[in-house]
Amino acid sequence: MNHPILLSPPHLSDRELEFVKEAFLTNWIAPVGPHVDAFEQEFCEVVGSPHAAAVSSGTAALHLALRLVGIQPGDEVLCSTLTFIASANPIVYLGATPIFVDSDRLSWNMNPELLQETIEQRAKRGKLPKAVVLVHLYGQSADIDPILQICDRYEIPLIEDAAEALGATYKGRSPGTFGRIGIYSFNGNKIITTSGGGMLVSDDPILVHRARYLATQARDPSPYYQHSEIGYNYRLSNVLAGIGRGQLQVLNERVAARRRNFDIYQQALKHLPGLEFMPEARYGRATRWLTCLTLDPERFGATREQVRLALAQQQIEARPVWKPLHLQPVFNGCECIGGQVAETLFERGLCLPSGSNLQETELERVIQTIWYSSRNR
């Protein structure tokens, strides 16, 4: 029987273990310590941000970011609709209302023209959104410049959700470092992992200092435990930061491996009618965190779901692309600007196994199953 092929499993080495052993030997197990400090510094060097705070998850980082820019109950926050729900949940944590914005076809990310139209219309009505959450999807940067320009024009804080885009570039820089605050995730399925963890970055040292303060239960500087505002238990543990330091050393290798996966899939499948891969925008390099494609059932001969089930029968894990947030029951009634592009991508989109430790024989199993799913094979 064939062994399972997972979508995006963790990929560890001996480097991470050495840092973890050091944490145990020095008894730095608590959610502070030298690995946390070093991980923050090393991460800044990799992405080109001057300040960073390591936290327990990408969701925690986004929650802190929204609070840091002053989001309050009743506020409206614009957010990409084609993304995982964690991009919008923290908006609701703070009592604000998400307004979802459709994707463009070039990058699958937020459509800058729709965003500009939306902000300008709200400006005329005298009710601007209080922030924009821009998601960089599946390892590819959104088109940041026009989005940042419209945000700056109306003094709206831009928060970049780069949870899926560590290692990508936008015009030579790391997505996540352009806006007021950027966030990253080190969940187990990400391009590097700490099992669970995240990072908040900003050019503003005051914001990052306050993020650390809020992430450690907002404890006042006092010899006893005094708290003048509500905080959170969001700091990353020293043990997990050690894993992150080891993972960070092989980031470029992990990106190269995932791009290799994409190249192999593309060369083998690009001639199948009705099958198109997620394009790579000209303004940067995608990591291909996940290899994504769309299927036109009329031309390909099978639906996305039929292909997914055929892969599952061979113990191959594949998933539809993110269900747009404006279609999620929990956000029923929330406004969406556009939506047709994201809906079509969800209806036809499939994510293939993309782990950086995939073997060629495993890639071939995936490719053969997809070929056999097409009536035009």
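All of the numbers you see were taken from the coordinates with simple rules; none came from a lab. Since this is a predicted model, take the numbers as computed values, not measurements. FYI the Cβ positions are ideal-geometry reconstructions off the backbone, even for glycines, and counts take in every protein chain you see.
Students often get this wrong: which residues of the stretch 48-77 have the backbone nitrogen under 14 Å from the point 7 angstrom along Cα-to-C-beta of residue 217?
none
So the label point goes 7 Å from the Cα of residue 27 along Cα→C-beta, right? Which residues of the stretch 239-266 then have their backbone N under 12 Å from it?
Within reach of a label on residue 27, which here means backbone N under 12 Å from a point 7 Å along Cα→Cβ, the stretch 239-266 contributes nothing.
Past 31 Å, Cα to Cα: identify those pairs from 171/270; 130/171; 190/270; 124/190; 130/323; 171/323, in the order given. Don't skip to the answer; put the middle values down first.
Values: 171/270 27 Å; 130/171 27 Å; 190/270 26 Å; 124/190 41 Å; 130/323 25 Å; 171/323 29 Å.
Exceeds cut-off: 124/190.
Among DSSP bridges having both ends in the chain, what percentage is antiparallel? Round to the nearest 5.
Working: 23 of 41 bridges.
So the antiparallel bridges amount to about 55 percent of the total.
Along the stretch 348-355, what does the Karplus equation 6.51 cos²θ - 1.76 cosθ + 1.60 (θ = phi - 60°) give for ³J(HN,Hα), rounded to whole Hz, x for Gly and Pro?
Listing the rounded values in order: 10, x, 9, 9, 9, x, 9, x Hz.
Determine the distance separating the Cα centre of the stretch 97-153 from the Cα centre of the stretch 156-225; give it in Å without decimals.
20 Å
Give me, ordered by chain and number, the residues 5 or more places off residue 97 or on other chains with an amide H under 5 Å from its own placed amide H.
For residue 97, the qualifying residues are 74, 75, 76, 77.
What is the distance, in nm, between label points placed 7 Å from the Cα along the Cα-to-Cβ direction at residue 271 and at residue 249?
In this crude label model, residue 271 to residue 249 measures out at 4.4 nm.
Using DSSP to define loop residues, name the GluC sites (Glu not before Pro) in the stretch 130-205 whose beta-carbon has at most 11 other beta-carbon atoms within 10 Å.
Values: sites: 155, 160, 164; in loops: 155, 164.
Sparse-neighbourhood loop GluC sites (Glu not before Pro): 155.
What nm distance separates the two modelled labels at residue 359 and residue 232, each placed 7 Å from Cα along Cα→Cβ?
The modelled label-to-label distance comes out at 4.1 nm.
Could you give the spread of the C-alpha atoms of the stretch 205-327 along their three principal axes, from largest to smallest, in whole angstroms?
69, 36, 34
Nearest 0.05, what FRET efficiency do residue 372 and residue 18 give at R0 = 45 Å with Cβ-Cβ as r?
On the way: r = 44 Å, r/R0 = 0.98.
So the FRET efficiency works out to roughly 0.50.
Once both labels are modelled 7 Å past Cα along the beta-carbon direction, what's the residue 296-residue 152 spacing in nm?
Inter-label distance under the simple model: 4.0 nm.
What shape does the stretch 139-288 have by the C-alpha gyration tensor, where a ≥ b ≥ c are the square roots of the eigenvalues, rounded means a/c under 1.5, and otherwise prolate means a/b greater than b/c and oblate the rest?
Values: a/c = 3.12, a/b = 1.66, b/c = 1.88.
Oblate, since a/c reaches 1.5 and b/c is not below a/b.
Determine ³J(HN,Hα), in whole Hz, for all residues of the stretch 290-295 in sequence, where each value follows from phi through the Karplus function 6.51 cos²θ - 1.76 cosθ + 1.60 and θ = phi - 60°; x replaces Gly and Pro.
Values per residue, Gly and Pro as x: 10, 7, 10, 9, 10, 10 Hz.
Which whole-Hz couplings ³J(HN,Hα) result when phi for each residue of the stretch 44-61 is put into the Karplus expression 6.51 cos²θ - 1.76 cosθ + 1.60, θ = phi - 60°, listed in order with x for Gly and Pro?
Going residue by residue, I get 4, 5, 6, 8, x, 10, x, 9, 8, 10, 7, 10, 6, 6, x, 5, 4, 4 Hz, with x marking Gly and Pro.
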